[in-house]
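A.B. asks: Before anything else, here's the structure in question.
The values are calculated or read from the model by the stated rules, or taken from the named source; none is laboratory data. Being a predicted model, the structure only gives us computed values, none of them experimental. Because the Cβ atoms are built from the backbone with ideal geometry, glycine has one as well, and the counts that use them run over all protein chains shown. Heavy atoms of the whole protein, side chains included, go into the accessibility calculation; ligands, DNA and RNA do not. Shrake-Rupley method; radii C 1.70, N 1.55, O 1.52, S 1.80 Å.
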Amino acid sequence: DEAGITISVVPGRNIPRCQVPNEILSDFQNKYKDRIIALAGIDPSGIIHDPVAETEYAITKLGLKGIYMDPGLSGGNQGMYPDDVRLYPIYEICSELNVPVVLMTGPYSGINSSYGHPTHLENVCRDFPNLKLVAGHGCYPYVIESISAMFRCPNLYISPDVYMFLPGGEHYVSALNGIFQDRILFGSAYPLRSFKEPIEKTMKLGIKDEVLDKYFYKNAQVVLGLNS
């Protein structure tokens, strides 16, 4: 309470839903500079804050390295698709500031699975060609479609995290071992899984040795602009 942190439980799932002020994320990043790189949590519905103003403030004043949004869970009961024009001012400021946008695109990204379909991301990538867009949860279950979208969109990245280990995840592995070795990012999906478990499972997926470093951290360095 003193820190201004609100924690509730997502209905029907034993997962905490948190509202953590971006100032706290910035404090953690500053305190553990060698270990933590933080993204700002942005509420695109505008209920918690003005999303455009908060994005600019979080990047330029707090020093956070990008933003994360759940559009399908914002903006009322129906949520917003990633290519909803109400989100475009947020994408525009991120493109101008040269920071990535990470979106929730998995099977729980809206009231139905259509909210995670990569077609919506293709539209955003087309309209903002300089914006690095990361599909959190890899648009699962649209695995093949998400890989196809990367053909069309050089600024689209995917982070399948635990969905690498589910049916269809072998296609992510094939893409990672092939021409998209620079476009797929590791994720732990914590707190759904511990940090240790997905690393151990990843080492058993048959990912090429020369690709592992890219998957675990080098691709993220590129997306976050830390490779210069």
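A.B. asks: When only residues in the range 174-200 that are in contact (Cβ under 8 Å) with a residue 24 or more places away in the chain, of a type outside the set (S, T, N, Q) and farther than 17 Å from L156 by Cα count, which is most open to solvent (accessible area, probe 1.4 Å)?
C.D. replies: R193
A.B. asks: Name every residue in the range 39-65 that is open to solvent by less than 40 Å² (accessible area, probe 1.4 Å), assigned to a helix (DSSP H, G or I) and of a type in the set (A, V, I, L, M, F, W, C), in order of residue number.
C.D. replies: A58, I59
A.B. asks: Can you confirm whether N155 is open to solvent by less than 50 Å² (accessible area, probe 1.4 Å), more than 27 Å from A38 (Cα to Cα) and in contact (Cβ under 8 Å) with a residue 12 or more places away in the chain?
C.D. replies: The answer is no for N155.
A.B. asks: Here's a follow-up. Looking only at the range 90-112, decide whether some residue is modelled with pLDDT of 95 or more, under 30 Å from L166 (Cβ atoms) and open to solvent by 60 Å² or more (accessible area, probe 1.4 Å).
C.D. replies: No, the range 90-112 contains no residue that is modelled with pLDDT of 95 or more, under 30 Å from L166 (Cβ atoms) and open to solvent by 60 Å² or more (accessible area, probe 1.4 Å).
A.B. asks: Here's another thing I want to ask about it. At positive phi and either in contact with a His (Cβ under 7 Å, 6 or more places away or on another chain) or not acidic (D, E) (or both): does that describe H171?
C.D. replies: Criteria not met by H171.
A.B. asks: Any residue that is closer than 23 Å to L185 by Cα and out of contact with any strand residue (DSSP E or B) (no Cβ under 8 Å at 6 or more places or on another chain) - is there at least one of those in the range 59-76?
C.D. replies: Yes: the range 59-76 contains one or more residues that are closer than 23 Å to L185 by Cα and out of contact with any strand residue (DSSP E or B) (no Cβ under 8 Å at 6 or more places or on another chain).
A.B. asks: A follow-up question, please. Do we find a residue being within 17 Å of M69 (Cα to Cα) and either over 13 Å from the mean Cα position of the chain (by Cα) or not hydrophobic (A, V, I, L, M, F, W, C) (or both) anywhere in the range 162-174?
C.D. replies: Within the range 162-174, not a single residue is within 17 Å of M69 (Cα to Cα) and either over 13 Å from the mean Cα position of the chain (by Cα) or not hydrophobic (A, V, I, L, M, F, W, C) (or both).
A.B. asks: Right, another one. Within the range 201-228, count every residue that is open to solvent by 90 Å² or more (accessible area, probe 1.4 Å), under 18 Å from D161 (Cβ atoms) and acidic (D, E).
C.D. replies: 0
A.B. asks: Small (G, A, S) and at pLDDT 95 or above, is that true of A189?
C.D. replies: Considered against the rule, which asks whether it is small (G, A, S) and at pLDDT 95 or above, A189 comes out as no.
A.B. asks: Kindly indicate whether any position in the range 133-151 is open to solvent by 50 Å² or more (accessible area, probe 1.4 Å) and at pLDDT below 95.
C.D. replies: no
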